[in-house]
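Take a look at the structure set out below.
The values are calculated or read from the model by the stated rules, or taken from the named source; none is laboratory data. Since the model is a prediction, treat every value here as computed from it, not as a measurement. Neighbour counts run over all protein chains shown; Cβ positions are idealised from the backbone, glycine included.
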Amino acid sequence: MSAKVVTITSGKGGVGKTTATANLAVALAKTNDKVVSIDADIGLRNLDVVMGLENRIVYDLVDVIEGRCKLRQAMIRDKRFENLYLIPAAQTRDKTAVSPSDMVSLCEELRGDFDWILVDSPAGIERGFRNAIAPSDLVLVMTNPEVSAVRDADRIIGLIEAEEKGPGALVINRVKPEMVKRGDMLSTEDIVDVLAIDLIGIVPEDETVLIASNQGRAAVLDERSKAGHAFTNIAQRLKGAEVPFDELESRDGFFDRILKFGRAGGDS
Amino acid sequence: MSFLERMGLNRSQSADNAKERLKLVLIHDRAGLSPGKLEALKDDLIRVIEKHVSIDTREVQITLTRDRDQQRLVADIPILSIKDRR
């Protein structure tokens, strides 16, 4: 077993990285894959609350790196899936506590025991971002259909290519189909066109995401959640399945053309 | 808001607007050349070229373009004809 390391990043804050990480982790764990998610947002720990594991934290990422505990001690097992773990971020203010090479060696240590290592990147393009992409085999670039978020995604795409972690795959989050239809929101086509990167997921704006995260649950566990369904589809695509982009009412033709993405799961 | 818009008959264009603004800002971002810097470059370029050939400075156009992955700085510099110079 050699895990594939997938980093979820965006440049801009608040586009839904943490929610995506939690949902993808649960979606992959649901199919019996062994998954560990790492919160790389040092100083602003959040993946724990989104996954509903905040009360179980004893040790964190920085404790592992600074040798205060064993790696296993910092891994928190999920409440529902025994094949899903979280390594929480530290709440320290010292962001230099973790280096890119620390992340690489941490992931090397984990690879043998897991199918997937998901790294939740902090916003921005500084140290935390570099830490998050250093061990990555695939970078998921998240964006929202707004000018500022797409602009930052473009910046991130350039940086991951410069770090030879490219080309990455795009997730468009918080799409409102009815706004796209009336011409008041950038469409998937518009965004893919300007960013020129493979699309791996389209997630609709959906209240069930907040309702689920209020309870520390993942929306993918809610059968009726459209966003949950979209995250499940992304997980399938990560595993190499060719899943049609039926998250939104799609226009024919375009979605068929971008279906080619799919071998990202590879032979890990 | 116009009558048509109020009636919902006119398709809104804010997404088109967003796309155009996005394209423009990305062209400058990707080249690391802001619109202000581009103006400065244009002024420098005019100064250098004028040393060698007479040009119509008011008509000089410097634009950043992108086709696929290739960024391009395109300069359109009209040269004054011989009769204009003399």
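Details
- Filter result (touching a helix residue (DSSP H, G or I) at 6+ places or on another chain (Cβ under 7 Å) and in a loop (DSSP other than H, G, I, E, B)) within segment A:32-57: A:Ala40, A:Asp41, A:Ile42, A:Gly43, A:Asn46, A:Met51, A:Ile57
Every residue, every condition in (1) of a type outside the set (D, E, K, R); (2) at pLDDT below 95, yes or no:
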residue	(1), (2)
A:Arg93	no, yes
A:Ser99	yes, no
A:Glu108	no, no
A:Asp113	no, no
A:Trp116	yes, no
A:Glu126	no, yes
A:Ile133	yes, no
A:Val141	yes, no
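- In segment A:202-214, the count of residues that are in a loop (DSSP other than H, G, I, E, B) and either over 16 Å from the mean Cα position of the chain (by Cα) or crowded, with 18+ Cβ neighbours inside 10 Å (or both) is one or more.
- Candidates A:Val35, A:Val26 - the one that is touching a residue at least 24 places away in the same chain (Cβ under 8 Å) and more than 24 Å from A:Ala134 (Cβ to Cβ): A:Val26
- The lone exception for A:Gly52 - which of (1) out of contact with any Leu (no Cβ under 6 Å at 6 or more places or on another chain); (2) surrounded by 22 or more Cβ atoms within 10 Å (Cβ to Cβ); (3) at pLDDT 95 or above it fails: (2)
- Residues that are part of a strand (DSSP E or B) and either without any contact (Cβ under 8 Å) to a residue 12 or more places away in the chain or of a type in the set (Gly, Ala, Ser) (or both), drawn from segment A:169-194: A:Ala169
- Test for A:Gly168: is it more than 14 Å from every other protein chain (Cβ to nearest Cβ) and either among the small types (Gly, Ala, Ser) or out of contact with any helix residue (DSSP H, G or I) (no Cβ under 9 Å at 6 or more places or on another chain) (or both): yes
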